[in-house]
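Here's the structure we're looking at; comments come further down.
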Amino acid sequence: MPPTPLQLFSSAMETAIHKLPSFKTINPSFYTARGTASFRVGLRRSSSSLSVSASADREGDQDLGHRTRPDFPILHQEVNGSKLVYLDNAATSQKPTAVLKTLQNYYESYNSNVHRGIHFLSAKATDEYELARKKVAAFINASDAREIVFTKNATEAINLVAYSWGLLNLKPEDEVILTIAEHHSNIVPWQLVAQKTGAILKYVTLNENGAPDIGNLKQMISRKTKIVAVHHVSNMLASVLPIEEIAHWAHDVGAKVLLDACQSVPHMAVNVQSLDVDFLVASSHKMCGPTGIGFLYGKSELLSAMPPFLGGGEMISDVYLDHSTYAEPPSRFEAGTPAIGEAIGLGAAIDYLSGIGMQNIHDYELELANYLHESLRAVPNIRIYGPVPSGSIRRAALCSFNVDNIHPTDIATFLDQQHGVAIRSGHHCAQPLHRSLGVSASARASLHFYNVKEDVDDFVRALKDTVSFFNSYK
């Protein structure tokens, strides 16, 4: 029998795998149109911190993507002989020079443990660490920096709420409302807590537009509901939930609301006070900051009533042989040495994003989102998941899709090895959602503000070539 296209391609990949990928730096000015001055980020020293100031001297005809690309060194390279096209931002974002320099400065200049030292380095590190907390609070408009708990990621933040608030408040037959489109991080912790408490998990399904059914969610809320734990933006469907309305419905019956904002905080202005959510979680690495740090926002009265999640140093008030007393939040929930440099780096990322303006980012990404969706529809035999954008329906700047009779991992592999295009394939930590759509996996292209329409053009051109390659062997 003649070899299949996948076997032929796999053979080529086996040969390629023995060679290191080609990483060739290219001139950032390649992306700067007609010599117009690019968006620059400079470091400004203040008496208390190394902060970031963002300014555009002269924007001309450039869009936000072209102005910001020079600030991201990783984007200016060739991969496997092609210009890198990075479209995996829903998994993690890239980091601007300002963040990289902030991390380097911390480790070179004032690396020390925080809170318990009186020497200069420790005091400096403590000041910068706590300043980062204030920056997070201001970024999401929390009323007090003490409502911000640093965690290692959003997953840990959800687990903190599930175990600390959940085990304390959930009883048999109480209901937790989720959607079928939740990330595993917002499903598994509630499953574990439900097993311990006897609470019942209820799931909102999709409507005819391919988004979570808000009418179904509203009907599901009852006096039995104790918490509604939902995403803001779906990491697969690109749909956006009306959180203010959901919070209003939940609070009417005395329920709390936890918002997974991992896919919204990096892309739009998020105001916890206007949304009126009780808890919110997000991850630094998706918002141009370092990995290893995330945060939990919680209303002060809720955090103050919650028991510790982890025990150890820093979270205590006094320790005796037979018992301990605990610190006030947020220290109560930050046991042990925290990710100090990462928190400071997150603060620098917030400075950078704020310098651009979150509304500017959101407006630009809406344009990219529509362009991506419209461009992908030209690919033969493609199925794009989630709602179709319209005057009343807005999508985030990502598309999950499948092409008939081609596995998404084959698509992603071919795009990477043959075209230098980086996308994600798999279930995107959303297996229940994929099952409900009748598939086990999908491919996903996701954009950020430093992407440009030329990235979309390159991707779609490469995708058409990929589809043509596999179809040629049918």
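A few notes on this one:
- Anisotropy class of segment 314-389 from Cα gyration tensor, a/c 1.5 cut: prolate
- For segment 65-166, the solvent-accessible area with a 1.4 angstrom probe is 37 square angstrom per residue.
- Each peptide among 379-386, 88-95 gets the average number of other Cβ atoms lying within 10 Å of its residues, and from highest to lowest they stand as 88-95, 379-386.
- The chain: C-alpha gyration tensor shape, a/c 1.5 cut-off, then a/b vs b/c: oblate
- Carbon + sulfur, % of accessible area of segment 281-435 - ligands and nucleic acids excluded, 1.4 Å: 48 percent
- Entry for segment 255-372 at q = 0.09, 0.13, 0.15 Å⁻¹: log10 I(q)/I(0) = -0.33, -0.64, -0.81, Debye formula applied to identical alpha-carbon scatterers, no solvent contribution.
- Here is the P(r) of segment 357-470: all C-alpha pair distances, binned every 5 Å from 0, give 2, 11, 23, 24, 20, 13, 5, 1, 0 in whole percents.
- Modelled FRET efficiency - R0 56 Å, VAL379 with TYR320, Cβ distances, 0.05 increments: 0.25
- Placing a label point 7 Å from the Cα of ASN216 along the Cα-to-Cβ line, the residues of segment 175-192 whose backbone N sits under 11 Å from it are 179-181.
- Straight-line reach from LYS474: taking Cα to Cα under 29 Å and skipping same-chain neighbours fewer than 8 places apart, the lysines in range are LYS464.
- Percent accessible area from carbon and sulfur atoms, segment 72-200, protein chains only, probe 1.4 Å: 55 percent
- Modelled FRET efficiency - R0 51 Å, SER112 with GLU245, Cβ distances, 0.05 increments: 0.65
- For a modelled paramagnetic label at SER143, 7 Å from Cα along Cα-to-Cβ, the residues of segment 312-333 in reach, with backbone nitrogen under 18 Å, are 329-330.
- Of the DSSP H helices in the chain, those that are both long (alpha-carbon extent of 20 Å or more along the helix axis) and hydrophobic (Kyte-Doolittle mean at least -0.5) are 120-139, 340-356, 453-471.
- For segment 332-439, accessible area per residue (1.4 Å probe, heavy atoms of protein chains only), Å²: 38 Å²
- Euclidean distance between Cα centres, segment 288-309 to segment 429-474, Å: 34 Å
- Annotation for LYS224 and ALA327: the two label points, set 7 Å from Cα along the Cα-Cβ direction, are 4.1 nm apart.
- Helix-derived mean residue ellipticity, 222 nm - over the chain, DSSP H n ≥ 4, -39500 (n - 2.57), to 500: -10500 deg cm²/dmol
The values are calculated or read from the model by the stated rules, or taken from the named source; none is laboratory data. Bear in mind that the values here come from a model prediction, so they are computed numbers and not experimental data. Positions of Cβ are generated from backbone atoms using ideal geometry, with glycine treated the same way; all protein chains shown enter the neighbour counts. Surface accessibility is based on the protein's heavy atoms, side chains included, excluding ligands, DNA and RNA. Shrake-Rupley method; radii C 1.70, N 1.55, O 1.52, S 1.80 Å.
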